[in-house]
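**Q** Have a look at this one.
Rule-based calculations on the coordinates, nothing more; no lab input. These numbers come from a predicted model, not from an experiment. All Cβ positions, even for glycine, are placed from backbone atoms using ideal geometry, and neighbour counts span all protein chains on display.
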Ligand SMILES: Cc1ncc(COP(=O)(O)O)c(C=O)c1O
C-alpha cells in the first residue's frame, strides 16, 4: 500500500482511513453486517435516485485523541439524531439511530491508529443516499438506500490555522431554500457554491460568505455565526432556515456555563457596525471549531471587528471547547464517547 501523506500538511478531507462501514436498505429496513470493511469504491446503479433526484444527506463529526492515548467521539448522539431527522426530511428510508451509532463507533475503532494527535483530529463523514434504480421516480422517494461512514484524519480547516477570517455578507442570494436550511443535504452545498465562488473570485481575501438574506444574518456556507462581548454571546434563533449546528449548541451551553448571557434572536446587518466597534465575531462548526472573524465586508465597506485580531472571549470559548474535545478538561456535559482501541 502506498504511504499516505501527512494529514496535517494537505488540504482538509483529502486523506482517507483504511476502514469504512456500510449498510443498505433494500425496500425495507437498514441492514448492517456488523463489521467495517476496507475503504474502497462503492457500486450503485447509473439509474440510482441520488444521481438524478439528489437524495443525499450527510453528517460531519469528529473524534479526538485523548491524553491517555484513547480516542473520544464528540457529541455522537446529537449528530446521529440530526442525521435521523435529515433522512426523514428528505424522505429517505428511516435510519435506525442504533445502527448508525454502531457504524460510526466501528469505523472509528477500526481506524483508531490513524487518529492524529491534537491539534489534528479524525473527521467522520456518514453519508446516506437513495439507490433505488428508477429514473421515473422524480416525485417518489427512494425505496432503497446506502449508508456509509468514512473517516479522514485532518488538521486545520482554514488554511493558515487560527487567524482572523474575512467574511463577505450576502444579502441577496440565499444559501438554500428556506424550508431546507436545517436539513444537512448535499443539494444545499451545491446551491451555496455559486455565490461563494463568485465572492471569492472578486476578492481573494474572502474566507466565507455570510448569508443574510433580506437583512437576516443566519450562517455561512459551512458554519454558524456568533457575536460576543465580555457579557454575552449572540446568535440567530433556531428555525427551519439554517443548519442547527452541534457546535453552535455546544458554544451556547459552554458560554452559559462560563457566565455569559445568551441571546438567540434575529441579527440585522446594521448591528454589525456597532459590534465592530466594541465586540467580537466568530464562526462555529465541527470542521473549524470556533474560528475568529476579523473583517466583514458589507455594502462596499470593510468592517474591522474589534482590533481585527482574535478576541479574548472568542479565544476563551475556543480553548474551553477544545479542552473538552481533546480530554484536557473534564466533560461536565457528557459530550465524549470513548471508543475501544483494538489491540
Ligand atoms: C451550513 C452549515 N452551517 C453550520 C454548520 C455547523 O454545524 P456543526 O456545528 O454541527 O458542524 C455546518 C457544518 O457542517 C454547515 O455546513
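**Q** What angle do you read, to the nearest 10 degrees and between 0 and 90, between the alpha-carbon axis of helix 97-110 and the longest principal axis of the chain?
**A** Value to nearest ten degrees: 90.
**Q** Next up: How big is the Kirkwood radius of the range 13-98, worked out from every pair of different alpha carbons and given in Å to one decimal?
**A** 15.3
**Q** If you don't mind, there's one more thing I want to ask. Residue separation times 0.36 nm, minus the C-alpha to C-alpha distance between residue 309 and residue 89: what's the value?
**A** This chain segment gains 75.2 nm when fully extended.
**Q** Now for a separate question. How do 264-275, 208-219 rank on mean C-beta neighbours within 10 Å, highest first?
**A** Final packing ranking: 208-219, 264-275.
**Q** Explain nothing, just the number: relative contact order of the chain, from Cα pairs under 8 Å at least 6 residues apart, as a whole percent.
**A** Reported relative contact order: 20 percent.
**Q** Could you give log10 I(q)/I(0) at q = 0.10 Å⁻¹ for the chain, computed by the Debye formula over C-alpha point scatterers of equal weight, without solvent?
**A** Reported log10 I(q)/I(0), two decimals: -0.61.
**Q** Report the FRET efficiency, 1/(1 + (r/R0)^6), for residue 333 and residue 42, where r is their Cβ-Cβ distance and R0 is 25 Å, rounded to 0.05.
**A** Using R0 = 25 Å, I get an efficiency of 0.10.
**Q** For the range 86-154 and the range 242-269, write down the distance between their C-alpha centroids in whole Å.
**A** The two parts, judged by their Cα centres, are 27 Å apart.
**Q** Give the separation of the Cα centroids, the range 38-84 to the range 283-334, in Å.
**A** Here the answer is 25 Å between Cα centres.
**Q** For helix 76-89, report the angle its Cα long axis makes with the longest principal axis of the Cα atoms of the chain; keep it between 0 and 90° and round to the nearest 10°.
**A** With both axes taken from Cα atoms, the answer is about 80 degrees.
**Q** Using 0.36 nm per residue, how much length does the chain from residue 77 to residue 240 gain when fully extended, once their Cα-Cα distance is taken away?
**A** Full extension of this stretch gives 56.6 nm more.
**Q** Between 184, 62, 159, which gets the highest mean-square fluctuation from a Gaussian network model of the chain, Cα cutoff 10 Å?
**A** Evaluated over the chain, the most mobile residue of the options is 159.
**Q** Right, another one. Once every DSSP H run of n ≥ 4 in the chain is given -39500 (n - 2.57) and the sum is divided by its residues, what mean residue ellipticity at 222 nm do you get, rounded to the nearest 500 deg cm²/dmol?
**A** Estimated from H runs of four or more residues: -7500 deg cm²/dmol.
**Q** Using Cα springs under 10 Å in a Gaussian network model of the chain, which residue among 132, 327, 40 shows the largest mean-square fluctuation?
**A** For the chain, modelled as a Gaussian network with Cα springs under 10 Å, the answer is 40.
**Q** How big is the range 165-325 on each of its three principal axes, counting only the C-alpha atoms and giving the largest first in Å?
**A** Ordered largest first, the range 165-325 gives principal extents of 39, 32, 25 Å.
**Q** Considering the chain as a Gaussian network with a 10 Å cut-off on Cα pairs, which listed residue, 33, 155, 54, attains the greatest mean-square fluctuation?
**A** Comparing 33, 155, 54 in a Gaussian network model of the chain, the most mobile one is 33.
**Q** Kirkwood hydrodynamic radius (Cα pairs, Å) of the range 118-183?
**A** 16.5
**Q** Using 7 Å Cα-to-Cβ label points, what is the residue 27/residue 214 separation (nm, one decimal)?
**A** Result for the modelled spin labels: 4.4 nm.
**Q** Suppose we keep just the DSSP beta bridges with both residues in the range 165-325; what percent of those would be antiparallel, to 5?
**A** So the antiparallel bridges in the range 165-325 amount to around 60 percent.
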